[in-house]
Amino acid sequence: MADRVTVIGWDGSPPTAAARSALAAATLVAGAAHHLALPEVPERAERIRLGSVALAARRIAGHRGTAVVLADGDPGFFGVVRTLRAPQYGLEVEVVPAVSSVAQAFARAGMPWDDAQVVVAHSRTLRRAVNVCRAHTKVAVLTSPGAGPAELGLLLEGVHRTFVICEELGTDREQVTVVTSDRAADHAWRDPNVVIVIGGPVTVAAPENGGWLAGGDPDGVPRGWALPAAEYEGPFAEGESEQLRAAQLARLGPRPGDLVWDIGCGSGAFTAEAGRFGAAVIAVDRDPDACARTLATARRFGVQTQIVHGTAPHVLEDLPEPDVVRVGGGGAAVVSAVADRRPARIVTHAATRDAAELVGRDLTEHGYDVECALLQSVELDTRVWTEKERTVGFLLSGRLQDRHP
């Protein structure tokens with residue numbers, strides 16, 4: 001095992017005294033090509049090109065001597081420190097930090113970033129990173145080869161965003177470019193790069209003296225979920241009661257990185273609720289008034305959403321792949337079309353047992369585990385404890401075992 005392992009962050013600045021001291025004593029240095037070319041790297045030291053951090057960690061664990069790992073930006077922020085400290089390698093790590101590439105990117109753009117979301121995009125998480133960009137007005141994306149600005153722009157089709165693309169930060173080839181998301185695929189971009197994705201209507205005013213919580217400030221946002229109908233503008237369609245909405249949200253569990261389809265969005269209540277959980281939402285309705293109400297509701301709650309006016313199932317064909325879907329209207333035909341797209345979870349409702357059985361049978365034939373519950377809610381006037389309104393309906397939910405939970 002290496003006697004000492006020092007991880008040095010590099011942001012293009014001259015190495016600090018601590019970094020120079022660690023490099024001078026190093027018998028093994030791991031890093032990218034531009035790190036290994038630094039004049040401070042001793043000629044006698046063994047050099048490892050840092051591709052797989054896990055492979056490098058195994059080499060370091062078997063090395064007798066002093067090891068240094070060089071990494072861009074802050075190595076403790078989505079960096080190599082997490083892997084090197086994994087229990088299976090048994091490494092004790094010292095860190096010499098640097099300015100993170102995200103902080104550098106926002107500095108180059110002249111923008112604050114305490115209200116930004118930060119995501120990592122690679123081949124496995126690109127789609128989820130794009131969904132965060134759909135759901136928020138300011139996102140920093142740490143890209144990777146094959147999951148860069150061009151791919152982000154292509155997957156954001158139909159959603160207008162502005163990209164601030166920062167290439168090779170801290171080097172003499174550093175370049176900052178501002179393009180719209182639909183133009184990002186027209187260029188070739190150099191790695192490494194950070195993309196700041198900004199845009200979308202902002203309706204919740206920022207605190208005058210700044211917030212107190214990184215990533216967003218909950219002050220001014222209604223507490224709780226499945227809010228009463230009085231919080232939204234009607235009219236309300238069948239199946240939009242807060243009790244049924246609560247059950248639907250509980251079955252779907254929308255979360256950051258998810259793309260939600262809300263088919264038959266009606267008043268926009270479910271769209272707003274799912275967006276408040278951090279998910280990206282595409283709201284679909286054939287009624288232009290419903291689309292307008294949903295957009296107004298989303299803006300009032302500070303939720304980013306894409307509105308699609310059209311009749312399901314035909315209008316669904318060109319939409320990006322969903323993670324979870326609420327079918328608020330359209331019946332078994334729409335549920336069947338949605339199931340063909342294989343989202344992880346589907347939830348809908350039915351007014352009669354015959355309709356519920358038809359939907360449940362179709363979901364089962366598509367390979368979903370199906371649950372059905374008869375929900376009854378009774379609104380009471382607590383002054384005299386008399387019934388004001390009664391709602392009865394079947395809640396159906398389907399879950400695919402082979403998709404992420």
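The values are calculated or read from the model by the stated rules, or taken from the named source; none is laboratory data. The model shown is predicted, which means the values in this text are computed figures rather than measured ones. Cβ placement follows ideal geometry from the backbone for every residue including glycine, while neighbour counts extend to all protein chains displayed. With ligands, DNA and RNA removed, areas are computed over all heavy atoms of the protein, side chains included. Shrake-Rupley method; radii C 1.70, N 1.55, O 1.52, S 1.80 Å.
The gain in end-to-end length when the residue 388 to residue 373 segment is fully stretched comes to 3.1 nm, 0.36 nm per residue minus the alpha carbon separation. When 143, 382, 391 are compared by accessible area of protein heavy atoms, the largest-first order is 382, 391, 143, using a 1.4 Å probe.
Seen from residue 259, the other residues with C-beta closer than 10 Å to its C-beta sum to a net charge of 0, counting Lys and Arg as +1 and Asp and Glu as -1. How high is the FRET efficiency from residue 36 to residue 342, r the C-beta distance, R0 51 Å, rounded to 0.05? It comes out at approximately 0.70. Each residue of segment 122-130 is assigned a 3J(HN,Hα), and the resulting list reads 9, 4, 8, 10, 4, 5, 5, 5, 4 Hz, derived from the Karplus form 6.51 cos²θ - 1.76 cosθ + 1.60 (θ = phi - 60°), x at Gly and Pro. Amide H contacts under 5 Å for residue 69: 6, 7, 8, 30, restricted to partners 5 or more places along the chain or on a different chain, H placed in the peptide plane at 1.01 Å from N.
In terms of Cα atoms, the Rg and Dmax of segment 77-230 work out to 17.6, 58 Å. Where the alpha-carbon atoms of segment 310-361 are placed on the principal axes, they occupy 32, 23, 15 Å, in descending order. The longest part of the chain holding none of the exposed loop chymotrypsin sites (Phe, Trp or Tyr not before Pro), meaning those outside H, G, I, E and B in DSSP with at most 10 other Cβ atoms within 10 Å, is 1-211. Extending 7 Å from the Cα toward the beta-carbon at both residue 78 and residue 286 defines two label points whose distance is 4.2 nm.
Remark: segment 95-112, residue by residue, has Karplus-estimated 3J(HN,Hα) of 10, 10, x, 9, 5, 5, 5, 5, 4, 4, 4, 5, 5, 5, 7, x, 10, x Hz, where x stands for each Gly or Pro and the curve is 6.51 cos²θ - 1.76 cosθ + 1.60 at θ = phi - 60°. Per-residue extension of 0.36 nm, minus the Cα-Cα distance of residue 174 and residue 354, leaves a gain of 58.4 nm for this segment.
Spatially, segment 213-269 and segment 64-101 are offset by 41 Å when compared through their Cα centroids. Counted by Cβ distance under 12 Å from residue 349, the other residues give a net charge of +1, where Lys and Arg count +1 and Asp and Glu count -1. The residues 160, 122, sorted by heavy-atom accessible surface at 1.4 Å with ligands and nucleic acids left out, run 160, 122 from largest to smallest.
Computed over segment 133-279, relative contact order equals 21 percent, with contacts defined as Cα pairs under 8 Å that lie 6+ residues apart. The angle between the Cα long axis of helix 288-300 and the main principal axis of the chain comes to about 50°, on a 0 to 90 degree scale. Per-residue accessible area (protein heavy atoms, 1.4 Å probe) orders 34, 349 as 34, 349, starting from the largest.
Summary of the geometry: segment 349-373 and segment 138-152, compared by the centres of their Cα atoms, lie 39 Å apart. The GluC sites (Glu not before Pro) of segment 21-119 that DSSP puts in a loop, and whose beta carbon has at most 15 other beta carbons within 10 Å, are 43, 92. Per residue, the chain reaches -7500 deg cm²/dmol at 222 nm when only DSSP H runs of four or more residues are counted, each adding -39500 (n - 2.57).
A full extension of the chain between residue 223 and residue 380 corresponds to an added length of 54.2 nm, given 0.36 nm per residue minus the alpha carbon distance. Which whole-number percent gives the relative contact order of the chain, counting Cα pairs below 8 Å spaced six or more residues apart? For the chain, the relative contact order is 11 percent. Each of residue 94 and residue 250 was given a label point 7 Å from its Cα along the Cα-to-Cβ line. The distance between the two points is 5.4 nm.
Each principal axis of the Cα cloud of segment 226-331 was evaluated for its coordinate range; sorted largest first, these ranges are 34, 28, 26 Å. When you filter the trypsin sites (Lys or Arg not before Pro) in segment 1-103 for DSSP loop state and at most 11 other Cβ atoms inside 10 Å of their Cβ, you are left with 44, 64.
In the context of the full set of protein chains, residues of the chain present 49 Å² of accessible surface per residue (probe radius 1.4 Å, heavy atoms only).
Quick one: net charge of residue 103's neighbours, Cβ under 15 Å, K/R +1, D/E -1? Value of the local net charge: -4.
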